[in-house]
Amino acid sequence: MRVSLNRLSVFILVALCLANLTGCLGNRNWQYPPTSTGSYLKEKASSPIPVKVIVLPLEDLRGNAVKEEYWKATIPLVPYGDTRYQRPETVEKPEEVDVVRFDPPNDFAQSITEELSQAQVFSSVNFAKDEGQQPADLALRGRLRSTDWNRRLYTYLLGPVGVVFWMLGLPMSETTTVLELDLRLTPLNDPLKVLWNMTMDFEGRQFDGPYYGLENAVESYPKALQEALKPAIADLVGLANQDPNRLMPR
């Protein structure tokens, strides 16, 4: 029932005009490192291991569920309406605040490449579309399990009248983004021989309103990836410094 926010158009138009909502949405495209940090992780190996590594696109294991129930927030005595996308980048005609433009299997893999290069664990780290694209000793492979986008629109039990609270500064919505993935390092030609692996997950949560926060929701994915990578990069740097042979092809 996408009629949802359209039935609130008169009320929402006031908030949009007051807060220039559309102009506050900011860049909805993938960018890394996240603007919130403006930098890559600080972990660095003392000396690179003389090994060439390629990072492959992540295997996409995400579901396809779509839940669009903002319309429930228009009903008096119902406190909120929820939207959930398991693949937010593929949704057709989402509300503007739910627009996310990225290609997780490839964008995440390229960002992982950048972080690993910055960490100087290996002498060479490059993103590759497939195993035969360029010569390498090891391949970093991964599985993407979740990029769930959950947004809850609040009208405080008052239906359309609840929009007044947005104009007074109370939260309009709460966005929760989930990231779940695992990585494993293998010899290029032996994907079943795992030299290193790690499972990572992160959940980000934030409130927003017409005056604040709307431009930050999409930023949660780059931030989530960097936060999820912290233990992985730290572990690889530790191995490079203390037990480099474990990360050597054999």
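Distance between the C-alpha centres of the stretch 53-84 and the stretch 175-210: 19 Å, rounded to the whole angstrom.
Among beta bridges identified by DSSP and lying wholly in the stretch 120-246, the antiparallel ones come to about 95 percent. Dipole magnitude for the stretch 185-237: about 160 debye, using +1 per Lys or Arg Cβ and -1 per Asp or Glu Cβ, origin at the Cα centre. Applying a DSSP loop filter and a limit of 10 other Cβ atoms within 10 Å to the chymotrypsin sites (Phe, Trp or Tyr not before Pro) in the stretch 39-86 leaves nothing.
Distances between placed amide hydrogens fall under 5 Å for VAL55 paired with ASN126, PHE127, ALA128, LEU140, all partners being 5 or more residues away or on another chain. Taking amide H as placed 1.01 Å from N in the peptide plane, SER146 has its amide H under 5 Å from the amide H of GLU180, each at least 5 places away in sequence or on another chain.
Residue ranking by accessible heavy-atom surface, 1.4 Å probe, largest first, among LEU183, LEU168 comes out as LEU168, LEU183. Annotation: amide H of ILE49 within the under-5 Å range of PHE122, SER123, sequence separation 5 or more or interchain, hydrogens built in the peptide plane.
The charge dipole of the stretch 99-250, taken about the Cα centre with unit charges on the Cβ atoms of Lys, Arg (+1) and Asp, Glu (-1), comes to about 200 debye, rounded to the nearest 20. In the assembled protein chains, VAL164 presents an accessible area of approximately 80 Å² (probe radius 1.4 Å).
All other residues whose Cβ lies under 13 angstrom from that of SER123 are scored, Lys and Arg at +1 and Asp and Glu at -1, for a net of 0. Under the convention that each Lys and Arg Cβ holds +1 and each Asp and Glu Cβ holds -1, the size of the dipole of the stretch 24-159 around its Cα centre is about 260 debye. Restricting to the chain, what percent of DSSP beta bridges are antiparallel, rounded to 5? Once the DSSP bridges in the chain are tallied, antiparallel ones form about 75 percent. A 1.4 Å probe, protein heavy atoms only, puts the accessible area of SER117 near 50 Å². In the stretch 80-182, the portion of solvent-accessible area held by carbon and sulfur atoms comes to 48 percent [1.4 Å probe, whole percent, DNA, RNA and ligands not counted]. In the full protein context, the chain carries 47 Å² of accessible surface per residue, based on a 1.4 Å probe and ignoring ligands, DNA and RNA. Among the trypsin sites (Lys or Arg not before Pro) within the stretch 112-193, those in coil by DSSP and having at most 14 neighbouring Cβ atoms inside 10 Å are LYS129, LYS193.
The values are calculated or read from the model by the stated rules, or taken from the named source; none is laboratory data. This one's a predicted model, so the numbers in the text were calculated from it and none came from an experiment. With ideal geometry, Cβ positions are generated from the backbone for all residues, glycine too; neighbour counts draw on all protein chains shown. Side chains are part of the model used for accessible areas, which takes the heavy atoms of the whole protein and leaves out ligands, DNA and RNA. Shrake-Rupley method; radii C 1.70, N 1.55, O 1.52, S 1.80 Å.
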